[in-house]
1. Yes or no: region 308-320 includes at least one residue that is under 20 Å from residue 192 (Cα atoms), acidic (Asp, Glu), out of contact with any Gly (no Cβ under 8 Å at 6 or more places or on another chain) and at pLDDT below 95.
2. Read through the list (1) in contact with a His (Cβ under 6 Å, 6 or more places away or on another chain); (2) without any contact (Cβ under 8 Å) to a residue 12 or more places away in the chain, then give the number of the only condition that residue 215 fails.
3. Please report, ordered by residue number, the strands (runs of 3 or more DSSP E) entirely within region 136-226 with at least 3 residues that are hydrophobic (A, V, I, L, M, F, W, C), within 19 Å of residue 84 (Cβ to Cβ) and not assigned by TED's automatic domain parsing to the domain that holds residue 290.
4. Give the number of residues within region 256-267 that are more than 26 Å from the chain's Cα centre (by Cα) and not in a loop (DSSP other than H, G, I, E, B).
5. Looking for something over 22 Å from residue 206 (Cα atoms), under 28 Å from the mean Cα position of the chain (by Cα) and touching a residue at least 60 places away in the same chain (Cβ under 8 Å) - is there at least one such residue anywhere in region 268-291?
6. Considering region 274-303 alone, what residues qualify as being closer than 17 Å to residue 234 by Cβ and of a type in the set (A, V, I, L, M)?
7. Across region 202-222, what is the total count of residues that are in contact with a Ser or Thr (Cβ under 8 Å, 6 or more places away or on another chain) and either buried (at least 18 other Cβ atoms within 10 Å of the Cβ) or within 18 Å of residue 169 (Cα to Cα) (or both)?
8. Is at least one residue of region 64-77 more than 25 Å from residue 49 (Cα to Cα), in contact with a Phe, Trp or Tyr (Cβ under 8 Å, 6 or more places away or on another chain) and surrounded by fewer than 16 Cβ atoms within 10 Å (Cβ to Cβ)?
Amino acid sequence: MPISLGVRRTVVAVAAVVILVVVALAGAVSNGHAAQTSLSTTFTVLNDVSATIQGQPTPGGNIGYDLAGTNTGNKTLSDVNITETIGAAGLVVSIKATGITCTGLNTTALSCHLGSLPSGGSFDVTVLFRTDPSAAPGSQVTDTVTGHFKNDSFGPGSVSRTYAATNSGTVTQSLALPAQQLTAGGNTQTSSVTMPGGFVNNYNWVGTTLNNHTGTTCPTCLPYITDITIPAASSFNTSGPFFDAASTTKPFTWTLVVPKSAVPVGFIPTKVFHDGVALPMCAIVAGNPVPNTSPPGICVISLVRNVPAPDAITATGLALSNGSYWIG
């Protein structure tokens, strides 16, 4: 089954750990009361589906984390620092920081610094790591995140998640970045999705799962199904990462390949089906295919099998929403 991912446009605590650091400063008085230093932080694993369902990234896929902090005390915090890593095999592939300066892109560790955080001030850090592609499914990916200001520490320390079982490569899950391609194989068909160069509606990444399996209710179709699961685009709408209310489209490209050995003799493909409904061909504008902007927002660029010497069947298309695909 496809693996759903927690997806958001802005910082939302889905499965979060809230930590409060309070330090009373002896001798410091404000309005007759001792001044206090308080930092409230919220930590979120972005792959998590909910507070009770943890995310499971595919080895080599991206896993993301968010750390948000607010100074709830009445004293300015000075020299705020954060470090974060998933180990030597991880790689920082995306950073989004508000209220604090962070570095470490394309290295193994995130490093953030803020000279001072006034009372009521806040910061927010979102980081995506590419995980170890050689990690064993079922093993642990551990994020170590620590923070401190002066002599006081904050942050969750170490947080672990389990790598997904890839079922011999038929499943791929990741927080996909712009222009990133995800591929899934298996015993029969292969598939891939390629994200556009940028998203709409303020999305910075898109949780995506590919799952190749067999079985279809279409009597004239090949029995090979590809599920593309993107919770942020689970239906055709104008609030997801690929289509907005101004009719701006940023479609992802999908590709399905069924090898020659899996195609019955004499089979000629005529249609690509999505959730049981035949898809239209993409319109061509100025020589380029354009997405279909009516539900389900999916169209076919090409469906090819070389004849009279039959070879693999390859189907490609554009999509603004997710779903299941098969060839008939």
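1. The answer is yes; a qualifying residue exists.
2. With respect to (1) in contact with a His (Cβ under 6 Å, 6 or more places away or on another chain); (2) without any contact (Cβ under 8 Å) to a residue 12 or more places away in the chain, residue 215 is out only on (1).
3. 140-149
4. In the first step, residues of region 256-267 are kept if they are more than 26 Å from the chain's Cα centre (by Cα); the result is 258-267.
Filter once more, keeping what is not in a loop (DSSP other than H, G, I, E, B): 258, 260-262.
Count: 4.
5. The answer is no, given that none of the residues of region 268-291 is over 22 Å from residue 206 (Cα atoms), under 28 Å from the mean Cα position of the chain (by Cα) and touching a residue at least 60 places away in the same chain (Cβ under 8 Å).
6. Listed by number, the residues that qualify are 277, 298.
7. Qualifying residue count for the region: 11.
8. No, there is no match, as no residue in region 64-77 is more than 25 Å from residue 49 (Cα to Cα), in contact with a Phe, Trp or Tyr (Cβ under 8 Å, 6 or more places away or on another chain) and surrounded by fewer than 16 Cβ atoms within 10 Å (Cβ to Cβ).
The values are calculated or read from the model by the stated rules, or taken from the named source; none is laboratory data. This one's a predicted model, so the numbers in the text were calculated from it and none came from an experiment. A quick note on method: Cβ atoms are made from the backbone with ideal geometry, for glycine too, and the neighbour counts reach across all protein chains shown.
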